[in-house]
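*Asks:* Before I ask anything, here is the structure I am working with.
The values are calculated or read from the model by the stated rules, or taken from the named source; none is laboratory data. Here the structure is a predicted model, which is why all the values come from computation and not from measurement. Cβ placement follows ideal geometry from the backbone for every residue including glycine, while neighbour counts extend to all protein chains displayed.
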Amino acid sequence: MSRSITMFQEAITYPRDSDSAVKTIAIGGALLFLSFLVVPTFFVLGYLVRTLRAVLNGEAEPPVFDDWGALGMDGLKVFAIGFAYSLVPAAIALAAVFASGATLGLGNGGSGSGLAVGLIVLVAALAVTVISLAIAYVLPAAIVAYARTDSVAAAFAPDELRRFAFSRTYATGWLVAFGISLVAGVLIGVLNAVVIGAVLAPFVTFYANVAGTYAVGTAVREMPAIDAGDETPDAQPVA
């Protein structure tokens, strides 16, 4: 518990631990403000990957926005990774729609077919919820795998994901990042009570994303023997 609190405190201060912090946060927030144009989102995602690599390498300060071509390419690849993972719950939902339609057609709209459709919808909703939660937990690990290897394929490699997802250290970092996102959500809700909130929300979101990235990156960096192929990440050494 004490490590998670310390990690939370370190993550919250990390985005402002550089001389260019104000400029970086201003750029990141502005890009998120323009995210409806889609392309700016790629640069933000690319910056988060660069931040993750910096943390994994033990660099004390967050990176800056430069080499925009590399940022955009990293962001595009991470976007593609996230999109690929999102296809799983989307496919389940689509299958449920087709199954419901077929059931209604075969049952001619009777009460029995209505009950069957309700059951299909319920099962599909539960499956989508569970799988979406699992993806929310695994996706940062997939991005870590990509950041470490520069390989999109690594983001889908079971062995790569297992090293992170089944680690208590990774779980701690993920929970800290999740906690930061909750705090940011509350703050954004408060800001939305005033007119200026809509303007400030992207900057708060960017700050929280960088802080959360630091938490996950720090947790992965602290995992023992991360490069071993068959280790149990959190196993204790034998005396």
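*Asks:* If Arg168 satisfies all but one of (1) surrounded by 15 or more Cβ atoms within 10 Å (Cβ to Cβ); (2) under 22 Å from Arg3 (Cβ atoms), what's the number of the condition it fails?
*Replies:* The number of the failed condition is (1).
*Asks:* Let me ask something else about it. Could you list, in sequence order, all residues of the range 35-50 that are more than 14 Å from Phe79 (Cα to Cα) and either hydroxyl-bearing (Ser, Thr, Tyr) or loosely packed, with under 15 Cβ neighbours inside 10 Å (or both)? Outline the logic, then answer.
*Replies:* At the first step, the residues of the range 35-50 found to be more than 14 Å from Phe79 (Cα to Cα) are 36-37, 50.
Listed by number, the residues that qualify are Phe36, Leu37.
*Asks:* I'd like to verify a number: residues in the range 140-165 that are surrounded by fewer than 18 Cβ atoms within 10 Å (Cβ to Cβ) and of a type outside the set (D, E, K, R), how many?
*Replies:* 7
*Asks:* I need the full set of residues from the range 24-53 which are of a type in the set (Lys, Arg) and either at pLDDT below 95 or touching a helix residue (DSSP H, G or I) at 6+ places or on another chain (Cβ under 6 Å) (or both), in order please.
*Replies:* From the range 24-53, those of a type in the set (Lys, Arg) are 50, 53; that's our starting set.
Within the range 24-53, Arg53 is the sole residue that qualifies.
*Asks:* Also, I was wondering about something else. Within the range 155-170, can you find the residues that are closer than 19 Å to Leu56 by Cα and without any contact (Cβ under 8 Å) to a residue 40 or more places away in the chain?
*Replies:* Glu160, Leu161, Arg162, Ala165
*Asks:* Limited to the range 1-16, what total is found for residues that are in contact with a Phe, Trp or Tyr (Cβ under 7 Å, 6 or more places away or on another chain) and either without any contact (Cβ under 8 Å) to a residue 40 or more places away in the chain or of a type in the set (Phe, Trp, Tyr) (or both)?
*Replies:* Count: 1.
*Asks:* Keeping to the range 25-38, report how many residues are without any contact (Cβ under 8 Å) to a residue 60 or more places away in the chain and part of a helix (DSSP H, G or I).
*Replies:* 3
*Asks:* Hey, can you tell me all the residues within the range 39-84 that are outside any helix (DSSP H, G or I) and either in contact with a strand residue (DSSP E or B) (Cβ under 8 Å, 6 or more places away or on another chain) or of a type in the set (A, V, I, L, M) (or both)?
*Replies:* Ala60, Val64
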